[in-house]
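Visitor: This is the structure I have questions about; it appears just below.
The values are calculated or read from the model by the stated rules, or taken from the named source; none is laboratory data. Since the structure is predicted, the reported quantities are computational estimates derived from the model, not experimental observations. Glycine also receives a Cβ, built like all others from the backbone with ideal geometry; neighbour counts cover every protein chain displayed.
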Amino acid sequence: MGFMDKNKEAGLPTSIEEEQLRGISRSVGEIEWLLLIVVLLYHVFGGTEPDDRPGIVLSMVLYTMSIMGLRYATFFKRESRWKLAVETWIMTGFITWALLHTGRLDSPLLNSYLLIIITSALALGKLTTLFELALIAVCLVFLGGDFTLIEIVSPKYLAGLFVQFAPMVLVAYITTMFASDIRYSLNQKTLPTETDELTEALSGRGFAIIADSLFGQAIRYDRAITLLVIECDTLKQVNDEQGHKAADALLASLVTIIQGQLRRSDVLARQSGEEFVVLLPETPATGALHVAEKIRAAVAMSSLTLTGRAVTTTVSIGTASYPQDGNNLDLLLAQAARRVYQAKITGRNRVVQQSAR
């Protein structure tokens, strides 16, 4: 099963899955730096022989460059399980190189492999962890020295390898079991309240969970973030003329249209009734206006068939951006709500970005 398919099998909305990946990625980043610090301290306090010091220094420099590239380069716009897997493989290579220059299998850094196994078990699932274990087993054989194939398959050699490898297998098994149980319990508990049953968009509660985290990151790293409030202009008319089923179908169609104009990192939710809210991370006011106009135009140009009748509809949109419109989510929501009201009373089918003075 592909990494991205795990989201669908678990039943998680994409935005929730991506927020979980961001949290996991932050933890992986901390583990990567921790591993680098451990090796650096071991080197500084005389753990490496003079002949091995150039190799250790080179490995630390290359490893630091890989972390900086994977974590801070602009070409990685969003997190993915493939990226996290690559990071664990790089960690494996770095540890193996460090062990090669600090005593091989007798090195006190040998247990650093456990960091990789725990990371993989928590973040990447059973199959990837099994692959990681196989990779580490190959590294252990390589670190064991120059042996012939006959010596490697001998009972004495295999017994020694088992003693070193068994704790890693046990840690992997226990961690993956715990991680699987925790994910299942959380999914069963939270999914009914985090998604809107009618439209399958996030519910207000699900939106609040993700928005609080994303807005906190925007403040912490001084990044722009914008909120859109979107209201359907014709829902009441459709409900009165064609009934509840048609109105429900209209709302579901609107979600599909709106989602088609958004990035994977954007967060869409149904707040209540005819109102939707969209959070656009790392998007300033000018970029948000472009997105809002795309949504408005896409809805206006769509021809929907509801209960056998062709229907056209429009939306009114209000926007509010951090930091110019407020420094918390409540202020942004209030501003965007006032602006969507202005859009409605001044003709509908429009975007209002700045309140009337």
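Visitor: Those residues that are of a type in the set (D, E, K, R) and at pLDDT below 90, I need them from the range 203-258; list them, please. Break it down stepwise before answering.
Guide: Restricting attention to the range 203-258, the residues satisfying the condition of being of a type in the set (D, E, K, R) are 205, 212, 220, 222-223, 231, 233, 236, 240-241, 245, 248.
If the condition is that a residue be of a type in the set (D, E, K, R) and at pLDDT below 90, then R205, D212, R220, D222, R223, K236, D240, E241, K245, D248 are the ones that fit.
Visitor: Residues being crowded, with 17+ Cβ neighbours inside 10 Å, farther than 16 Å from D233 by Cα and not hydrophobic (A, V, I, L, M, F, W, C): count how many of those fall in the range 296-349.
Guide: So the answer is 6.
Visitor: Name the pairs whose Cβ atoms lie under 6 Å apart, with the first residue in the range 298-319 and in contact (Cβ under 8 Å) with a residue 12 or more places away in the chain, the second outside any strand (DSSP E or B) and of a type in the set (F, W, Y), and 6 or more positions between them or separate chains?
Guide: Nothing qualifies.
Visitor: Is at least one residue of the range 158-174 touching an Asp or Glu at 6+ places or on another chain (Cβ under 6 Å) and either modelled with pLDDT under 75 or not in a helix (DSSP H, G or I) (or both)?
Guide: Step one: list which residues in the range 158-174 are touching an Asp or Glu at 6+ places or on another chain (Cβ under 6 Å), which gives none.
No: the range 158-174 contains no residue that is touching an Asp or Glu at 6+ places or on another chain (Cβ under 6 Å) and either modelled with pLDDT under 75 or not in a helix (DSSP H, G or I) (or both).
Visitor: What are the residues in the range 197-222 that are assigned to a helix (DSSP H, G or I), aliphatic (A, V, I, L, M) and over 18 Å from the mean Cα position of the chain (by Cα), if any?
Guide: Filtering the range 197-222 down to residues assigned to a helix (DSSP H, G or I) leaves 204-220.
Then keep just the ones that are aliphatic (A, V, I, L, M); that gives 208-211, 214, 218-219.
Across the range 197-222, the qualifying residue is only I219.
Visitor: Would a scan of the range 47-54 turn up a residue that is small (G, A, S), at pLDDT 60 or above and buried (at least 17 other Cβ atoms within 10 Å of the Cβ)?
Guide: First pass over the range 47-54, keeping only residues small (G, A, S): 47.
Those left that are additionally at pLDDT 60 or above: 47.
Right, trim to buried (at least 17 other Cβ atoms within 10 Å of the Cβ) and you get 47.
Yes, the range 47-54 contains at least one residue that is small (G, A, S), at pLDDT 60 or above and buried (at least 17 other Cβ atoms within 10 Å of the Cβ).
Visitor: State whether one or more residues within the range 270-279 are in a helix (DSSP H, G or I), touching a residue at least 40 places away in the same chain (Cβ under 8 Å), closer than 18 Å to A211 by Cβ and more than 22 Å from the chain's Cα centre (by Cα).
Guide: Of the range 270-279, the ones in a helix (DSSP H, G or I) are none.
The answer is no, given that none of the residues of the range 270-279 is in a helix (DSSP H, G or I), touching a residue at least 40 places away in the same chain (Cβ under 8 Å), closer than 18 Å to A211 by Cβ and more than 22 Å from the chain's Cα centre (by Cα).
Visitor: Whether any residue in the range 281-294 is assigned to a strand (DSSP E or B) and either modelled with pLDDT of 90 or more or at negative phi (or both) is what I want to check. Step through it out loud before you land on a result.
Guide: Our first condition is that a residue be assigned to a strand (DSSP E or B); within the range 281-294, this holds for 281.
Okay, now just the ones that are also either modelled with pLDDT of 90 or more or at negative phi (or both), so 281.
The answer is yes; a qualifying residue exists.
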